[in-house]
Each structure stands twice: as structure tokens, then as C-alpha cells.
Amino acid sequence: MTLEFDARDRESVLRDLIGEDEEVRRLAVERVSVLPLEEAILRLVERIGDTSWRVRKAAVERLVVCPDRESVVAALITALGDGENTGRRNSAVEALVECGGAAVPQLLRAMASDDSDVRKLVVDALAGIGDERSIPELISRREDPDANVRAAIADALGAIGGEAAAASLGEIAVCVSEDQLVRFSALHAMAAIEAPVFARDLGPVLEDPVLRPAGLALLGRVDDDEAVSVLAKALGANARSVSESAIGSLLRMLSRVDGAESDRLAERIRDAALAAPQVVENAILRLPDATLAVRLMLVQFLGLVRSEAAVVPMLLEAKDEALSLVVLANLEMLGEIAEVAIEANWSDLDASAQRDACLLFGRMRGEQSAARLIAALDSPSPEIRCAAAESIGLRGLVDALPLLVRRLESAAQEDDFEAEEEISLITESMIELAKPGRSADSEAVTEQAIATLTSSLEGAAKSVRLAIAQVIGRIGRHRDAQVIEFLLKDPSSQVRRAAVDALAHLDPGTAAESLRLALGDEASIVRIAAANALGASGSNEVFDVLQCLADDEDRDVRSAAVRAMGVRLTTVGDIAQWSQVLQVIDSALFDEAVVALAAIEAYRGLGGAAVEPVLRIIDRVEPEVVFEAVRCLGTATEASILESLLPLVSHPDWTVRAETIQVLADRSVAKAVPSLLRRLETEQDDFVRNAMLRALDRLGG
């Protein structure tokens, strides 16, 4: 539909386009459609030179959606010649790029402009568009009289890519009569498109001290023994840029090969580095101050050359999260070299480096690192102790168990977040130490670990008793049931709960009686754990106990019992028992919200026509209950059940409305269309309105 505007509208827009306030000018740009199309384009091109970036941005956006694309492109190319307004020229390039392929024909013709600045900007726009149709013209113009234009052409060929572009860039790069700036641009463009280059193709470049680093950086993408020799020799160059380019290309070569070929190349790189000791020294000195990309490269190189002198400097770089994984992986490959160097310098390392060293030692197998990890458990730094505990578990250093128990008792006397984290990590470490199947003698190690823990049980602090319960629970050995039963009588409800969780990992026949005893525990968290354990037990004989818990005075216990009954319900084969359990779940629908949610979850697991009882609670006041009821009823197979949800399209809570709409659309309830259309007239929530529109579209409404 075309909007009609009177003369006052036009005068208002023209006045505002040159107003003093930038927001007034921006809004005028948005209203420029009151002008004839030709004039609107002219005014918008004027505004892309506005002093305000917001106005320029708005003008560009309006231009690129203009229906007369040809006129827009022509006007923008003309704007490229505005030597007095850099902002207009840059915005014109931006707009031309946004115009895409439609701008290419006129831009190619504009490359014949007498103005070198225009030619360069045209090339920049073509580079941004990236249309392959530009390549022949760009190649034909690579002898432009202006060096800046020629450099821009090289950049553009790299931006667009392709075999023809790569070949042309190679010719530019080795042309000794060409300006160095242009050749440098060509080399970088070749790197951008990852052009495969042989050392023999770069003869003049590798002899030029200015271009040599860029040339070396191109090598390593193809199998080229000559390139290996060139790069190995360049490692010892005095110029840092040359040496680092060689390092990068050699690492790239190494990443392309494997097996024996990889070993041979790695050995050649190490030999070249040893022949020029300053290479490693310079890399170590460069580590702290280089860019992230260079530091990543240097860490890999130093790990490859296996330099003991580089171990500590590399370790110090691990404090940077972006480098940590790479540093530790490379130090791990050094093995004993890294262990010896770190141990020799341990007292000089700060807490952060000692922590990272402990994490590294978790990957090692040497005696020195094992002894250091155990000693680190007595460090004054919680971070170091945590890292040591974690690594002790990973390595299975069972001799550290007594010290771990001692640290657990010490941490229990502190009351802060760090102590909680340490207790958690020590517990996980103990679990790892006691875990069966770690090695050939793992059964003996597990037995030793459990014996050490249980011997610490009497008189132990609560944190120790809790950890022992968690360890034994995760191991899940039947022979430890007696220890668990002892912990079921612990004074701490947390320990008793952990003991119940431990029982859940044992055979139901072994644990059933103990679980029944836990059902009468005074602490609700223990009864909840017992209900969860019974639900996961796999035995249908637990329903009578769960039914009792479903009448518990604590709502969370009732919720756990109902949820457990729902989990077990799908395995019941006895009709009478099925009906009895379903009756309990049905009653729970009218309990407190948390219990009702568990009942809804149980019904949802049944699906189909079995969910019909949930319809009776869709008028509950709690939105979260109604929401889950809708999700449950969405699994119904009966159309009448789904149609019963129609009134909820107007529910007071937006989440319920949105979920109902989604269910009706997903289940193709065509009768929902009238209700949706009526609600659409009054719906205020944008999210729900969008959901309605999508639903109507799917339902054909």
C-alpha cells in the first residue's frame, strides 16, 4: 500500500534532515519515504555523510532496502568521489557491500575512474561483497598506476579467493619490480586463503629481508622437503619475526603428518633448535609479552624441543586460562624433564604456579611428582591443597589416604566456601582411590582404601563420617553393607542420608530391611533419600512402604514417595496393585503443589488416555501446577482430553497460556482456532501473541 503525504510532510522531513539535533535527523531519515524515490535516494546519500554515526547508520539501512537498487548503487559510487567527507565515502563503501551482488556490474565499470581514491574504494567494496565475478577484472587491473590501488586489489583477491586469485597473487608476490607494499599485501592475501605454496615458488621473497617473514609464514601447507630445510635454517635467524614465522610453519607441517614421519620431522626441528641455542632463549624471553596467538605457538614449540630451561617459564603461562590446557599438555609430554625442573624450582614458584604444577602432576607417573603431591596436602594454600587432592585421586596414590583423612578433619573445623570445596575434592579423591578396576591390583588397592577409611571412623569428625559414607556408596560393595548400617545410626542426619544413598547402590535384597528402618528416621532428608532409594530399587515389594511415606507429615517426603511410586508404576504387572498405587497418586493430585507436581510427573510417564485424571486439577490456583498439568495432558491420545484445554488459552498466567497454545498446535487441535482468534484480540503479552500467530498458521487459522 502506498502512503500519501501532503506538502507539509515533505517540508517537515526536508527541514529535519538538516536539523541541529542528531535524533531529529535520524528520525527524518526514517520518514524519508514521503519524498519521491529519486529525491529520497539523493537525500539519503547526503545523510551517509552526517556527523552522527547513528544518522549515517540509519541512512545506510534505508538505502540498502530501497527498491530502485540500480539508482542507489549509482548514487553511492558517485559518493565515493567526495574527497571532502571521509565519513560519506566509508559509509558508501559499507552500503555498497550491503547491496551485495547487485552492485558488482556498476562497481566493475567504476574501476575505470580517473580518481585513484575512487578506484581503491571500489576495490574495497568488491572485496567486501566477495563475488567471484570480480576476479577477472581485478586481475586485469593489477597494474594500476597507483600502488595503493594495486595493494587493495591484492587484498581483494585474498578476500574472494579461488585458484585464479591465488595464482595471480603468487605472481604479484615474486615480482621484484613491484612495490614492496603491494607484494606484502599479496603475501598476506595468500595466507588468508591458505594457498598451498612450495619454497621454490618464493625464491625472490625469501631473499628479501622485509618480505621474508611473510614468505616463511606461507610454507608448511604442502609436503615440501626443501621448505623444511629453509624453515629449519630460518629458526636461527637474528630477526625475531623471521624465527617466529619459521616456528609457526614448522608446527603447521608437523600437524599435517603422523607416525614415523611425524617423529622424523620433530627430530629435525629439535636438532635445528639445538644448533641455534638462541632460538629457545628468545622464545622463553618472548613468552610473557607476546600476543596470545604467538604465546600458544611458542608453548608448543618449547614443548617440542624438550628444553628443561623452558619448563618453569611455560608453567608460569598456565595462569592464563586461554593457555592453561595447552601448557599442561606440552609439559605432560616432557615427562620426567618437567618433573625434575619443577621440583628443583618449587620454592621459587608462587601459589598459582604451584597449584598448576599439582594439576600437572596428576598426569605424571614419576616418584618425585607423587611425593610432591602428598607433601602439598600440607600447603597453607587451599588452592594448592585442592589441586593436590584432585591429582592424588587421578593417580591412585593410595598411600596418601591417611593424610587426606587428616585434611578432611582440618577442613571440617573451618566454616567457609573454600573449606567446603576442599572437603568435596578430598571426598572425590577418596572415591577415585577406592574405585575398583583401576589397575591389575585394583582390588587390593580398594580393600586397602576402604580399610584405611573405616579405621578412621570411630571418633571421626562429621565431615569424615560423611565422606566415608559417600565413598562406600559410590563403590557399592556388598561386603561394606555393615559399615553403612552403622552409619545409618549416626548422630548427623546428613551422614544418615549419605548412608541411605549408599544403600541404594547395593542389591535391593541386601538393602531392603535397612531402607525400611530409614523410613522412620526423624529427619525428613533421610526419609526422602529412603523413598528415592526404594523407587530405584527395581523391586515391586516396596509399594506398601512407599504408600506409607505418601502419608508422611512432611510434604517433601510425600513428594519423593509419589515420585518413586510413579517410577516403579510402569513395571507393575498385578492389576490390584496397579489400582492401589494409582489411587495413591490420584489423591496426591490434590495435595500441596510440590506433591501434586510429583503426581503429574507420574501420570505423564503413563501417557495416552491414562492422563485423564489430571484434567480435574487444571483449575488449581498455582500456575506451576497448571503448567505441568498442561504438559502432561499434551501426551493424551483422546481428542476430548486435548479439547478440554481450550479454556486455558485465556488463563491469567502467561506461561500457562503459552504452553497451552504450544500443546494445541503440536497436537493439531483444529477446534482451538476460534478460541485463539478471540484471545488474540485482547492478548497483551508479545511472547504469547507470537505463539498464537504461529499456532494459527500451523492450524490453518
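Read-outs throughout are calculated quantities, based only on the coordinates presented, and are distinct from any laboratory measurement. Just so it is clear, the structure is predicted and the values come from calculations on it, not from any experiment. Positions of Cβ are backbone-derived with ideal geometry, glycine not excepted, and every protein chain shown enters the neighbour counts.
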In order over segment 295-300: 3J(HN,Hα) from phi, Karplus 6.51/-1.76/1.60, θ = phi - 60°, whole Hz, x for each Gly or Pro, gives 4, 4, 5, 5, 4, 5
Checking rank on 645-656, 237-248, with mean other Cβ inside 10 Å and highest first, the result is 237-248, 645-656
Expected vector for segment 241-248, Karplus 3J(HN,Hα) from phi with 6.51, -1.76, 1.60 and θ = phi - 60°, integer Hz, x for Gly and Pro, equals 4, 5, 4, 5, 5, 5, 4, x
Sorted on mean Cβ neighbours within 10 Å (highest first), peptides 158-166, 403-411, 383-391, 416-424 come out as 383-391, 403-411, 158-166, 416-424
Between the Cα axis of helix 147-160 and the main Cα principal axis of the chain, the angle (0 to 90°, nearest 10) is 40
Checked segment 183-279 against the a/c 1.5 cut and the a/b vs b/c comparison, axes a ≥ b ≥ c from its Cα gyration tensor; verdict oblate
Per 5 angstrom bin, beginning at 0 and ending with the bin that holds the maximum distance, the Cα pairs of segment 614-701 fall in percents of 3, 16, 31, 25, 18, 7, 1
At 25 °C in a medium of viscosity 0.890 mPa s, the chain has a Stokes-Einstein diffusion coefficient, with Rh taken as the Kirkwood radius over alpha carbon pairs, in µm² per second, of 74
Excluding residues fewer than 8 positions from K489 in its own chain, the aspartates and glutamates with Cα under 20 Å of it are E458, D480, D501, E513, D521, E522
So, relative contact order of the chain in percent, Cα under 8 Å, 6 or more apart, is 4
Filtered hits (aspartates and glutamates, Cα-Cα < 13 Å from K671, offset >= 8 within chain) -> E643
Rounded to the nearest 10, the angle in degrees between the Cα long axis of helix 401-412 and the longest principal axis of the Cα atoms of the chain comes to 90
Partner lysines whose C-alpha sits under 24 Å from that of K57, ignoring same-chain residues fewer than 8 away, are K120
Taking alpha-carbon centroids only, segment 442-459 lies from segment 36-56 a number of Å equal to 80
